[in-house]
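Here's the structure we're looking at; comments come further down.
The values are calculated or read from the model by the stated rules, or taken from the named source; none is laboratory data. Since this is a predicted model, take the numbers as computed values, not measurements. Note: ideal-geometry Cβ built from the backbone for every residue, glycine included; neighbour counts use all protein chains shown. Side chains are part of the model used for accessible areas, which takes the heavy atoms of the whole protein and leaves out ligands, DNA and RNA. Shrake-Rupley method; radii C 1.70, N 1.55, O 1.52, S 1.80 Å.
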Amino acid sequence: LRAMPQPEEDVEVRLEDQQAINQFGRLNTRMHELEDEVKEKRSQHDQLDDAANELILADDDEPVRVQYGECYFEVGKERADELLESRKDAVADEISELESQLGTIRQTLAGLKKQLYARFGGNINLEEN
């Protein structure tokens with residue numbers, strides 16, 4: 001068991017400190033939302049990979065049923081492959097964009113954490129449990 005560090009002397013919370021704390025909280029929440037979205041998109045990309053592998057095993061002359069929204073339509077194997085590849089590329093682009101946003105948020109959080117720890121020391125806990 002670790003002993004909790006004793007709070008240092010009381011430090012007055014200024015308006016800009018409160019704004020930084022609030023921004024940290026909002027960004028931390030957004031970071032977790034984006035992490036969940038990335039996880040979901042990666043799962044979707046894996047499912048598209050699996051579908052592409054299954055498509056390889058399909059007969060060339062047999063029509064393939066493709067889902068569009070809540071409907072299904074039949075296309076040839078080549079067209080189904082084109083649709084799958086374009087969807088995989090779109091999902092990969094979405095993942096890249098989300099990861100870029102995550103990187104920006106993490107940099108901002110690191111700066112805020114440094115600023116807040118410099119101001120409050122042991123009187124503030126910004127670590128996740």
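Between beta-carbons, use under 9 Å as the cut-off and find the net charge around VAL66, counting Lys and Arg +1, Asp and Glu -1.
Details: positive: ARG65, ARG79; negative: GLU74.
Within the 9 Å Cβ shell, the charges total +1.
Fully extending the segment from GLU40 to GLN67, taken as 0.36 nm per residue of separation minus the present Cα-Cα distance, adds 7.8 nm. Label-to-label distance, SER86 versus GLU127, with points set 7 angstrom from Cα along the beta-carbon direction: 5.0 nm. One decimal place: the segment MET31-ARG14 gains 3.6 nm when fully extended, by the rule 0.36 nm per residue minus the C-alpha distance. Here the simple spin-label model places points 7 Å from the Cα toward Cβ, and for ARG79 and SER100 these points are separated by 3.3 nm.
Run the accessible area of the chain with a 1.4 Å probe and give the carbon-and-sulfur part as a rounded percent.
On the way: 4680 of 9820 Å².
Roughly 48 percent of what the probe reaches on the chain is carbon or sulfur.
Highest mean first, how do 63-70, 92-99 rank when packing is the count of other Cβ atoms within 10 Å averaged over residues?
Working: 63-70: 10.9, 92-99: 14.6.
So the order, starting with the most tightly packed, is 92-99, 63-70.
Divided by 2.2 N^0.38 Å, where N counts the residues, the Cα radius of gyration of the chain comes to 1.72. The per residue volume of the convex hull around the alpha-carbon atoms of the stretch 13-81 is 97 Å³.
Any chance you could give the angle, 0 to 90 degrees and rounded to 10, that helix 15-57 forms with the longest Cα principal axis of the chain? Around 20 degrees separate the two axes.
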